[in-house]
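Asks: First, the structure itself, so that you have it in front of you.
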């Protein structure tokens, strides 16, 4: 049976660049996939890291596409569909203005490498909080399988409470805006980690400031499918 486009398996609200921009191209090439065009891309060569190993290290973020999470993937509640989500997303976009992020670092974040802004302006915090809170009535409660998957990584009592309330543990005051560069790097030799960090810094440091000027709606059409960029809505419009 073909997936129902009006209600995919899961949806997510991301900050993603314009698919025509260098920010999108360099990030998508790093991951090896364009989530807008649904195409595999040739990944860059990293000194000291084989093609196969780099593909394996980026496999997890590649599935989700180049993005920074604002509201983590969730299932739509019974009676809700993409039309109601788009309406809610348009309301959020209208209430926020664009802003720029101009200083970045490649950091270790929870056992993986990520591209993170050195400073998070109030506009970013407000946008992230709005994207977590306002669509929550459209989200289905986590089922037992989803709860078990989230709890594979040990959570503090506070993180567990945030997950139960908002569907994800690292939200609101625990939120850190980032673009994932790898999946888990546990056990990876420090030399290779340093090579990945150096390659990522070289790749992204020459980009202009990132203008966060849109909200991106991504969808997982059916369980286990790659996430696709479905639509982008301009902030302030």
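Asks: Quick check on my filter: what residues within segment 121-141 are in contact with a strand residue (DSSP E or B) (Cβ under 8 Å, 6 or more places away or on another chain) and either touching a residue at least 40 places away in the same chain (Cβ under 8 Å) or in a helix (DSSP H, G or I) (or both)?
Replies: The answer is 123, 124, 127, 128, 131, 132, 135, 138, 139, 140.
Asks: Mind listing whichever residues of segment 207-225 are out of contact with any strand residue (DSSP E or B) (no Cβ under 7 Å at 6 or more places or on another chain) and more than 18 Å from residue 82 (Cα to Cα)?
Replies: 207, 208, 224, listed by residue number.
Asks: I'd like the full set of residues that are within 20 Å of the chain's Cα centre (by Cα) and exposed (fewer than 13 other Cβ atoms within 10 Å of the Cβ), limited to segment 139-163.
Replies: 149, 152, 153
Asks: Looking at the structure I just gave you, is residue 102 modelled with pLDDT under 95, surrounded by fewer than 14 Cβ atoms within 10 Å (Cβ to Cβ), in contact with a helix residue (DSSP H, G or I) (Cβ under 8 Å, 6 or more places away or on another chain) and farther than 21 Å from residue 228 by Cα?
Replies: no
Asks: Looking at segment 36-45, can you tell me whether even one residue there is crowded, with 19+ Cβ neighbours inside 10 Å, closer than 20 Å to residue 205 by Cβ and either touching a residue at least 40 places away in the same chain (Cβ under 8 Å) or more than 18 Å from the chain's Cα centre (by Cα) (or both)?
Replies: The answer is no; no qualifying residue exists.
Asks: Counting only residues that are at pLDDT below 95 and within 21 Å of the chain's Cα centre (by Cα), which one in segment 186-211 is surrounded by the most Cβ atoms within 10 Å (Cβ to Cβ)?
Replies: 205
Asks: Still on this model: Within segment 60-74, is there a residue that is loosely packed, with under 15 Cβ neighbours inside 10 Å, closer than 28 Å to residue 161 by Cα and out of contact with any strand residue (DSSP E or B) (no Cβ under 7 Å at 6 or more places or on another chain)?
Replies: yes
Asks: Any idea how many residues of segment 22-31 are in contact with a strand residue (DSSP E or B) (Cβ under 9 Å, 6 or more places away or on another chain) and surrounded by fewer than 19 Cβ atoms within 10 Å (Cβ to Cβ)?
Replies: Counting residues in segment 22-31 that are in contact with a strand residue (DSSP E or B) (Cβ under 9 Å, 6 or more places away or on another chain) and surrounded by fewer than 19 Cβ atoms within 10 Å (Cβ to Cβ) gives 1.
Asks: Then there's this: Can you name the residue in segment 8-21 that is in a loop (DSSP other than H, G, I, E, B) and touching a strand residue (DSSP E or B) at 6+ places or on another chain (Cβ under 6 Å) and is also surrounded by the most Cβ atoms within 10 Å (Cβ to Cβ) among such residues?
Replies: Selected residue: 16.
Asks: Taking residue 174 as the residue in question, decide whether it is within 19 Å of residue 115 (Cα to Cα), without any contact (Cβ under 8 Å) to a residue 60 or more places away in the chain, surrounded by fewer than 18 Cβ atoms within 10 Å (Cβ to Cβ) and under 18 Å from the mean Cα position of the chain (by Cα).
Replies: Yes, satisfied.
Let's see how each residue does on (1) in contact with a helix residue (DSSP H, G or I) (Cβ under 7 Å, 6 or more places away or on another chain); (2) assigned to a helix (DSSP H, G or I):
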residue: 83; (1), (2): no, yes
residue: 113; (1), (2): yes, no
residue: 119; (1), (2): no, no
residue: 161; (1), (2): no, yes
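Asks: Next up: Looking at segment 180-206, which of its residues are in a loop (DSSP other than H, G, I, E, B) and touching a strand residue (DSSP E or B) at 6+ places or on another chain (Cβ under 8 Å)?
Replies: Passing the criteria: 181, 182, 183, 184, 185, 205.
Asks: Inside segment 1-31, can you point out the residues that are more than 15 Å from the chain's Cα centre (by Cα) and over 28 Å from residue 87 (Cα atoms)?
Replies: 22, 25, 26, 29
Asks: Taking the condition modelled with pLDDT of 95 or more and assigned to a helix (DSSP H, G or I), does residue 231 pass?
Replies: no
The values are calculated or read from the model by the stated rules, or taken from the named source; none is laboratory data. Since the structure is predicted, the reported quantities are computational estimates derived from the model, not experimental observations. We place every Cβ from the backbone using ideal geometry, glycine too, and count neighbours over all the protein chains shown.
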